[in-house]
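The structure appears right after this line, and notes come after that.
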Protein chains: 2
Amino acid sequence: MPDSGFSVAVDLVLLTIRESALHVLLVRRGVPPYRGQWALPGGFVMLDEDLDEAAVRELREETGVDASAAHLEQLASYGHPRRDPRGRVVSVAYLALMPDLPAPTAGSDAAQAAWRRIDEVNLKRLAFDHDRILADGVERARAKLEYTPLGAAFCTPEFTIAELRTVYETVWSTTLDPRNFHRKAITTDGFVEPTGRSTAGERGRPAQLFRRGQAKVLYPPLLRPPPA
Amino acid sequence: MPDSGFSVAVDLVLLTIRESALHVLLVRRGVPPYRGQWALPGGFVMLDEDLDEAAVRELREETGVDASAAHLEQLASYGHPRRDPRGRVVSVAYLALMPDLPAPTAGSDAAQAAWRRIDEVNLKRLAFDHDRILADGVERARAKLEYTPLGAAFCTPEFTIAELRTVYETVWSTTLDPRNFHRKAITTDGFVEPTGRSTAGERGRPAQLFRRGQAKVLYPPLLRPPPA
DNA sequence: GTAATAGTGTCTTTGAGACATTATCTA
DNA sequence: TAGATAATGTCTCAAAGACACTATTAC
């Protein structure tokens, strides 16, 4: 009775911040369909694999990134009957946030990979329905910064308050008052925790280093400036 | 190269409020596996069907509910290799919120359907991984009330502020100050909009009737009382 | 010293929490 | 009339926004 003719894929919206801009990792497809076009990295789920496992594996295989260095969460599933000309493919999209490591971004296949600025890539035509998946991923990331400490996922394990603030400013495309942000970061329970260490050798006064706090959710949240 | 041996199902977490308690619609399975056990309503996606379409269809077929009467959104996907003994089934779960219509809840199959109180059903063993799907659905509903006007999805098209407040109190298992809630509902842009009509024939002063506002998100949100 | 950046403090405004009072209906 | 429920108003407190100042480094 059940139709068993489905394939299941995972696609990754892998975001990072480099050169003060939000970037997504794209791969150029080396095989049809959409050969030569840019797409999100991804691949098919194997028959004995859980979805999360497949996402971790694809992250490693297609981008050379170890899952422990990134935050990874399920985003949503996309299953239009004709979204893939090869057949009936349901894609489970994952959102990954990571610091700007000098990651190889070396695709296992001959496909080339590249970080692209979010604000420039939206204009391009991505393969499949990946423009919509990307848009959903970016919006999820923006929303998550409001009520979780996950902004730190874009930073190295130890970071300064100013670095964390630029993450927020970059992802939200806004500017935030450094003093108010500092107060919010310090006083909100479980947002960041001090390491005791400081930066050195930089210009200006050394900054204290923090790591991500243990909170799952920020209370109260750190809301984006209203759209108006 | 892609494994095509997957089946894809949709499962529904259909929530409503009746008798001052949050209820979920469950069906008793008439066929193996898990015969005789309670499960979320759901079924397999057909090969020419989009995921959302399948969710709407299952909502109609398994519960007799028309999608226009409910709020329906994708929740998450579950794909452990052995979550279904019949084979490799990936389930795309949907969350549905609806008013307490005298819905037939008549399963198309011989399966019986029943509304169960959330606080009582958590103890029981549901089929498959449906206990986890249900928990995720309830948490999503609780969170959505904070920053969207979707609490109104539990109400009839026109409702009073007091009715909307009891929705929040029921879903969050808390009590809210009627006067503060009234102020919040009225002054938050796009939360509710007046119809001009009022209740009549009830005890006490008649209440104004409202319908759901147009806002996608509430700003500022209406936060749950802190867990502490 | 100067320039640069980090960190702290204060005032104001907005919004939520606590709570009293008035308004309008049914019985 | 009494009883019930709706709606509004006031005071207080917590937290965000705006903004000035002090602290600590490199040079």
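The values are calculated or read from the model by the stated rules, or taken from the named source; none is laboratory data. Bear in mind the structure is a predicted one, so any value in this text is a computation, not a measurement. Cβ sites come from the backbone with ideal geometry, for glycine too, and all protein chains shown count toward neighbours.
Before moving on, here are some points about what is shown:
- Count of region B:54-89 residues which are touching a residue at least 60 places away in the same chain (Cβ under 8 Å), touching a Leu at 6+ places or on another chain (Cβ under 9 Å) and either assigned to a loop (DSSP other than H, G, I, E, B) or closer than 15 Å to A:Pro2 by Cα (or both): 2
- Residue pairs whose Cβ atoms lie under 6 Å apart, separated by 6 or more positions or on different chains, with the first residue in region A:36-53 and free of Cβ contacts under 8 Å to residues at least 40 places away in the same chain and the second assigned to a helix (DSSP H, G or I), are A:Gly43/A:Glu58.
- Taken as a whole, the structure leaves A:Phe154 outside the set of residues that are within 11 Å of DNA strand C (Cβ to nearest atom), modelled with pLDDT of 95 or more and in contact with a helix residue (DSSP H, G or I) (Cβ under 7 Å, 6 or more places away or on another chain).
- Restricting attention to region A:122-135, the residues that are closer than 17 Å to A:Trp172 by Cα and crowded, with 17+ Cβ neighbours inside 10 Å total 1.
- Leading residue by the ranking (farthest from the other protein chains (Cβ to nearest Cβ)) among those in region A:81-98 that are touching a helix residue (DSSP H, G or I) at 6+ places or on another chain (Cβ under 8 Å) and more than 15 Å from A:Gly42 (Cα to Cα): A:Met98
- Candidate set from region B:181-228 (those that are β-branched (Val, Ile, Thr) and more than 8 Å from DNA strand D (Cβ to nearest atom)); member that is farthest from the other protein chains (Cβ to nearest Cβ): B:Thr195
- For B:Ala207, the criteria (1) over 24 Å from the mean Cα position of the chain (by Cα); (2) among the aliphatic types (A, V, I, L, M); (3) away from DNA strand C (no atom under 11 Å from the Cβ) hold in every case but one, which is (3).
- Complete set of residues in region B:152-180 that are more than 15 Å from DNA strand D (Cβ to nearest atom) and either assigned to a loop (DSSP other than H, G, I, E, B) or acidic (Asp, Glu) (or both): B:Pro157, B:Ser173, B:Thr174
- Hey, B:Gly190 touching a residue at least 40 places away in the same chain (Cβ under 8 Å) and within 14 Å of the chain's Cα centre (by Cα) or not: no
- Only one of the numbered conditions (1) under 14 Å from B:Val10 (Cα atoms); (2) within 13 Å of another protein chain (Cβ to nearest Cβ) is not met by B:Leu59, and that is (2).
- Residue list for region A:189-204, filter: in contact with a Gly (Cβ under 8 Å, 6 or more places away or on another chain) and more than 11 Å from DNA strand C (Cβ to nearest atom): A:Asp189, A:Gly190, A:Phe191, A:Glu193
- Pairs, first facing chain B (nearest Cβ under 7 Å) in region A:1-20, second among the hydroxyl-bearing types (Ser, Thr, Tyr), C-beta under 6 Å, six or more apart: A:Pro2/B:Ser7; A:Ser4/B:Ser7; A:Gly5/B:Ser4; A:Ser7/B:Ser4
- Filter pass, B:Val167 being more than 30 Å from B:Tyr34 (Cα to Cα), more than 12 Å from DNA strand C (Cβ to nearest atom), of a type outside the set (Asp, Glu) and within 14 Å of another protein chain (Cβ to nearest Cβ): no
- Screening region A:3-40 for residues that are in a strand (DSSP E or B) and basic (Lys, Arg) and picking the one that is nearest to A:Arg83 (Cα to Cα) gives A:Arg28.
- Checklist (1) more than 7 Å from every other protein chain (Cβ to nearest Cβ); (2) in contact with a strand residue (DSSP E or B) (Cβ under 7 Å, 6 or more places away or on another chain) applied to A:Pro33, failing item: (2)
- Any chance B:Gly201 is outside any helix (DSSP H, G or I) and modelled with pLDDT under 95: yes
- Criterion applied to B:Glu53, B:Glu73, B:Glu19, B:Glu61 was being in contact with a Ser or Thr (Cβ under 7 Å, 6 or more places away or on another chain) and either surrounded by fewer than 21 Cβ atoms within 10 Å (Cβ to Cβ) or at positive phi (or both), and the one residue passing it is B:Glu61.
- Residue within region A:27-43 that is surrounded by fewer than 17 Cβ atoms within 10 Å (Cβ to Cβ) and under 13 Å from the mean Cα position of the chain (by Cα) present: no
- A:Arg212 modelled with pLDDT of 95 or more and within 11 Å of DNA strand C (Cβ to nearest atom): no
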